[in-house]
Amino acid sequence: MGKQNKPQETLILDGTAIPMIITTRRKLHLSFRFIDGILIVSAPLGAKVSDIKLALEKKKAWILKYFMLSSSRVLKQDEIRLHDRRLKVVTVLGNQFAYTISDDALILTKTARMSEENALARFKKEYSDQLLPVIFAQAVQETGLRPVSMSLKNTNSSHGRCNSKKQITLSRSLIAYSLPYIRYVCIHELVHLKHMNHSKAFYGLVSVYCPDYKKLVAQVRSAVL
């Protein structure tokens with residue numbers, strides 16, 4: 001259930017068609033990962049699609065391997081991933097919207113006029129709006145780093161961003177991951193207030209507040225690749 005960004009390109013490797021979403025930003029190098037069977041590519045501003053595909057072909061073995069792995073982990077129509085758990089989504093009728101989270105299910109109570117898709121979208125918004133600002137505020141207090149603003153956005157292309165105006169955006173998709181990983185993303189973006197890059201100094205400061213960040217990132221990559 002739920003929407004995800006529609007693939008805008010297709011990468012063909014050894015006859016295998018791989019759906020791909022390309023985003024561009026101010027960066028020097030190409031980076032990519034799989035989410036739900038889709039290759040999410042972050043490229044430098046001005047990069048041509050043809051050049052991006054040529055660069056990806058050099059990583060053909062890796063991409064084909066993890067495309068198969070990621071595709072096998074795509075959620076079913078009646079499932080949602082919440083804090084590293086795969087939950088079955090169950091909808092019931094009621095007088096007003098509500099939700100209950102159990103060990104293996106997300107139970108959504110919706111009105112007769114509300115579609116199942118809209119009920120799930122409302123859950124994701126309400127749950128992320130309630131949870132993410134709290135974790136972010138704790139990270140701000142812990143680091144002493146304060147952005148000009150923090151906002152939430154529906155995006156699968158990145159988990160967080162910090163721009164040159166010291167404005168931080170977090171993705172609502174973070175609720176799919178563990179609480180420690182969400183905290184790491186908050187710290188990662190806050191540290192960008194001091195280092196607008198991914199230098200050794202940047203990760204050195206990240207490790208001060210989150211010594212196990214490499215383990216957290218590896219766990220997420222193994223879950224979504």
query: Picking from I168, I135, I175, which residue would you name as being under 18 Å from C186 (Cα atoms), open to solvent by less than 50 Å² (accessible area, probe 1.4 Å), in a strand (DSSP E or B) and of a type in the set (A, V, I, L, M, F, W, C)?
result: I168
task: Output the residues belonging to the stretch 138-162 that are crowded, with 16+ Cβ neighbours inside 10 Å, at pLDDT 95 or above and in a loop (DSSP other than H, G, I, E, B).
output: L145, P147
message: Residue under question is L69, and the condition is that it be without any contact (Cβ under 8 Å) to a residue 40 or more places away in the chain and of a type outside the set (S, T, N, Q); does it hold?
response: no
- request: Pick out the one residue from E117, E189 that is in a helix (DSSP H, G or I), buried (at least 18 other Cβ atoms within 10 Å of the Cβ), of a type in the set (D, E) and in contact with a Lys or Arg (Cβ under 8 Å, 6 or more places away or on another chain).
  value: E189
- prompt: Quick one: what pairs do we get from the stretch 76-88, first residue within 18 Å of S128 (Cα to Cα), second polar (S, T, N, Q), C-beta under 6 Å, 6+ apart or different chains?
  reply: H83/S178; D84/S178
task: State whether one or more residues within the stretch 166-183 are under 17 Å from R26 (Cα atoms), out of contact with any strand residue (DSSP E or B) (no Cβ under 8 Å at 6 or more places or on another chain), modelled with pLDDT under 95 and not basic (K, R).
output: no
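The values are calculated or read from the model by the stated rules, or taken from the named source; none is laboratory data. Note that this is a predicted model, so its numbers are computed, not measured. Positions of Cβ are generated from backbone atoms using ideal geometry, with glycine treated the same way; all protein chains shown enter the neighbour counts. Areas reflect the complete protein model, heavy atoms only, side chains present, ligands, DNA and RNA absent. Shrake-Rupley method; radii C 1.70, N 1.55, O 1.52, S 1.80 Å.
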